[in-house]
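Structure, as C-alpha cells:
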Ligand SMILES: Cc1ncc(C[n+]2csc(CCOP(=O)(O)OP(=O)(O)O)c2C)c(N)n1
Ligand code: SF4
Ligand SMILES: [Mg+2]
C-alpha cells in the first residue's frame, strides 16, 4: 500500500463506507448498480449523489442479481463499474461474479460483512464471508479479494481494487467488516491527480485482426469495448480464443490455465500486506480488517512488556499471501490468528505453516469485535 | 434468394463454426431472419448494435451474428443489457430471450425494465417449453399440456407474455408468430425504432420436444396451428371474449409515448449539478 506522506489533499471526517465511495470515484468508477442492504447502504447513498454530478450513472436495481448483471454490462461498454452489498446480497451475486471471471470483465464488488448465515446479524460485524469470497461462485476460478482495516484503507483499497480489476480483467472483491464500514476517522484524501489509476488495455490492431481471448505474455488479452469497432462474442460458456463456445479439450485446457496464470503470474503485484514490528517477532499475529487494529494495540502493549510480538496485516486475502506467511512462520515460534469467524484464514495459515510454528486461533462469532486485551492475553500465554 | 445471400454474407459470422445448434425446422431461425432484415432495413451499423441473450436454445442466437454479442446467464440478459445501454446510450441494445428466460427466472428483471422504460428492445421466443434442457414445463406451457416434468399434464396456468409486458408498462408490445413471418419483420422493426422498452413476443414451436410429447405433429403442422389460432388485434376487438378462448392475438398490442429512462436520468444529473429544472420551480 502506498502511503501518502505529504500533507496535501483534503482532510475530512469520513466513514469507511463513504471512503469506499470516494475511492471508487477517484479510481474512475462512473457506474454503480446496487440494492439497499445494511451495513453497506451508505456506499449506494453517497454514489447516488456524486455519480450524477460527474455525468456518471447510479441505478438502484430490483435485486443484487440484477445489480451484478448491470455492472458487467456497463463495464463491457467501457465504463468502470461497481456494486456494494452485504452477505445475503453477496450470495445472490455469485452466479454473475462467475460470469465476470469467465468472460474476464473488470468490475468491483464490495461486501460489507455482517453476521450470518442467512439474514444473520444485520448490524453486527463479522468476517464470515472470507471463504465465500474465495469460492462462492461455482467452478474452478481464480479471484482477487482485498480487505481494509482503516477508513483511509477503504479509500486506498477501493482504488487498488479497480486497478487490479482493470489490469487483470477480473472481478475484484473488497471485503469490509461492519466495524470498518461504519467507523469514522479523520483522514487525508489525496488530491485526485496523485491517485494512481490504471485503465484496461484496449486492442490497437485493426479490428479484423483482433482475437479477443488470445494469450500473451501477461495472460491478459486486450479488451475490446462494445461500440468501439471491435465486434466479438462474450459468453459465460467455456470459449475458444475468439470467444466462441468450445467443447474441445485442447481449447478448454489452455483457456482454464490462462485464467489462473494471469493471476498466479502476478502474485508479486497482487499480494499486499502491512508488517508491524515483525522483523524480530517471536510471536506473530496474523490478522485482517478491524481485528488487525485490535492486534496492533495488543502488539504494542506486548512490546511494552518486553515481549517480541509483531503483526502482519493481510490486505490481500486471496490469492492467499503464502510467501509472506511462510517467511513469518519460519522465523516466529507462535502464530496467532484472531478472526471474527470460526477459523477461515487460520486454515490457510496452518496450510502454509506446515508445522513450522505453532498456530493459535482466536475466534469470536458473537457479533462483537475481538478486543486488544483478548489478543494480548493470547500473546502473553504464548510467551510463557 | 439473392437478397438473403447478401444478408447472410453481411451479417452472419464467417469465422464461427457452423452448423448451428438448432433442430431442423425450429422457428428460432425465422426469428433470426426477421431480426437481421429489420436491422438491415433500418441501416444500423454493425458496430452500434449490441445483441444480448440469456440461456436456452433462443439464447444461442447472438453467437451467429456479426454484432457486439453478449450471451449472459439464464434470465439475466435484461440486467446486462441495462448496464450496456446506460453506459453507452448511443448503442442499439437488443435482448433475445426464451420464455423461461424472460418470464420464469428473469421475470422480475423483465417487468422492472418495462417499468423503468429503459431503451431496449426485448424479443421473446415463446415456444411454451424449456427447449434447451429437454422439454420441461415453462410459465407459458398451456394448462393441460404435457412436458417432461408434467407427464401427468400441466395443472398451472400460463402467463401471457405480451399482456404482462403491457401491464408492466412497456411502451411498445407486439405479438407475432413464426408462421406470420412478414408481420414479425414489421413488429421487430417497429420495436427497434420505438424509444423505450419495446417487446416483441414471437409465438414459436418446439416440435422436437413439446410437439412430440403432445402429438402435435411436425414443425409444419405446428406452424399451421399458429396460423389457425391467430386472430389479429383488429379482428379481436370485434369479437366477444368467449370467441377468443384459445386464440392468439397478433399485431400491435401497445404503442404509447413515455419519456425513456436515460432522458429522465439527465434530469437527475442536472439537479445534481445544481440546475433548477422548470418542473422543480
Ligand atoms: C440458473 C440456471 N438454472 C437453470 C439452467 C438450465 N437451463 C438452461 S436453458 C433453460 C430453460 C430454457 O428455456 P427457455 O428460456 O424457454 O429457452 P428455449 O430453450 O426454450 O429457447 C434452463 C432451465 C441454467 N442454465 N441456469
Ligand atoms: S429443442 Fe426445440 S426450441 Fe430448441 S432448437 Fe430444437 S426445436 Fe428449437
Ligand atoms: Mg422456451
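We did not get these values from a lab; they are worked out from the coordinates using the rules stated. Worth saying up front: this structure is predicted, and the values here are computed from it rather than measured. Note that each Cβ is placed from the backbone with ideal geometry, even for glycine, and that neighbours are counted across all protein chains shown.
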Practice item. Please sort A:173-181, A:304-312, B:272-280 by packing, taking for each peptide the average over its residues of neighbouring beta carbons within 10 angstrom, highest first. Key: A:173-181, A:304-312, B:272-280
Check your understanding: How big is D, in µm² s⁻¹, for region B:3-280 by Stokes-Einstein at 10 °C and 1.306 mPa s if Rh is the Kirkwood radius over C-alpha pairs?
Key -> 83 µm²/s
Revision key, fill the gap. Under the 7 Å Cα-to-Cβ spin-label approximation, residue A:38 and residue B:271 lie apart by a distance in nanometres of 2.7 nm
Review point. Can you give the relative contact order of region A:2-194 as a percent, counting alpha carbon pairs under 8 Å and 6+ residues apart?
Key: 30 percent
Exercise for review: Would you tell me the mean number of C-beta atoms belonging to other protein chains that fall within 10 Å of each C-beta in A:222-232, as a whole number?
Suggested key: 5
Check your understanding: Which percent of Cα pairs goes in each bin when the distances of region A:266-384 are cut into 5 angstrom slices starting at zero?
Key -> 2, 13, 25, 26, 21, 9, 3, 0, 0
Point to revise | Sorted peptide list for A:101-114, B:76-89, criterion being average Cβ within 10 angstrom, highest first | key: B:76-89, A:101-114
Exercise for review: Compute the distance in nm between two label points, each set 7 Å from the Cα along the Cα-to-Cβ direction, one at residue B:244 and one at residue B:157.
Suggested key: 1.5 nm
Review point. For chain A, what does -39500 (n - 2.57) per DSSP helix run (n ≥ 4), summed and divided by total residues, give at 222 nm, in deg cm²/dmol to the nearest 500?
Key: -12000 deg cm²/dmol
Check your understanding: Cα gyration tensor of region A:138-223, axes a ≥ b ≥ c as square roots of the eigenvalues: rounded (a/c below 1.5), prolate (a/b > b/c) or oblate?
Key -> oblate
Point to revise | Descending Cα extents along the principal axes, the protein assembly as shown, whole Å | key: 93, 62, 52
Study note, to complete from the structure: Counting other chain Cβ atoms within 10 Å of each Cβ in A:28-34 and taking the mean gives 1
Practice item. Output the relative contact order of chain A, whole-number percent, from Cα pairs under 8 angstrom with separation of 6+ residues. Key: 16 percent
Review point. Hey, what number do you get for chain B at 222 nm if only DSSP H runs of n ≥ 4 count, each worth -39500 (n - 2.57), divided across all residues, to the nearest 500?
Key: -10000 deg cm²/dmol
Check your understanding: Taking Cα pairs under 8 Å and at least six residues apart, what relative contact order does chain B come out at, in percent?
Key -> 16 percent
Revision key, fill the gap. Here the FRET efficiency for residue A:275 versus residue A:356, based on Cβ atoms and R0 = 22 Å and rounded to 0.05, is 0.80
Review point. What shape does chain A have by the C-alpha gyration tensor, where a ≥ b ≥ c are the square roots of the eigenvalues, rounded means a/c under 1.5, and otherwise prolate means a/b greater than b/c and oblate the rest?
Key: prolate
Revision key, fill the gap. Partner shielding of B:149-159, as the mean number of partner chain Cβ atoms within 10 Å, equals 0
Review point. If region A:163-313 were replaced by its equivalent ellipsoid, with semi-axes equal to the square roots of 5 times the Cα gyration tensor eigenvalues, what would those be, largest first, whole Å?
Key: 43, 20, 14
Study note, to complete from the structure: If each part is reduced to its alpha-carbon centroid, region B:188-211 and region A:11-80 end up apart, in Å, by 34 Å
**Study point:** 15 Å reach of a label modelled at residue B:218, 7 Å along Cα-to-Cβ, counting backbone N of region B:24-57
**Key:** B:24-27
**Study point:** Euclidean distance of C-alpha centroids, region A:298-326 and region B:159-182, integer Å
**Key:** 62 Å
Check your understanding: Measuring from label point to label point, each 7 Å out along Cα→Cβ, what is the residue A:119 to residue A:11 span in nm?
Key -> 4.5 nm
Review point. Mind checking Rg over Rh on region A:2-194, alpha carbons, Kirkwood formula for Rh?
Key: 0.94
Check your understanding: Label point 7 Å out from residue A:248 along Cα-to-Cβ: which residues of region B:1-45 have amide N under 11 Å?
Key -> B:17
Review point. To the nearest 0.05, how large is the calculated FRET efficiency for residue B:237 and residue B:45 if R₀ is 45 Å and r is the Cβ-Cβ distance?
Key: 0.70
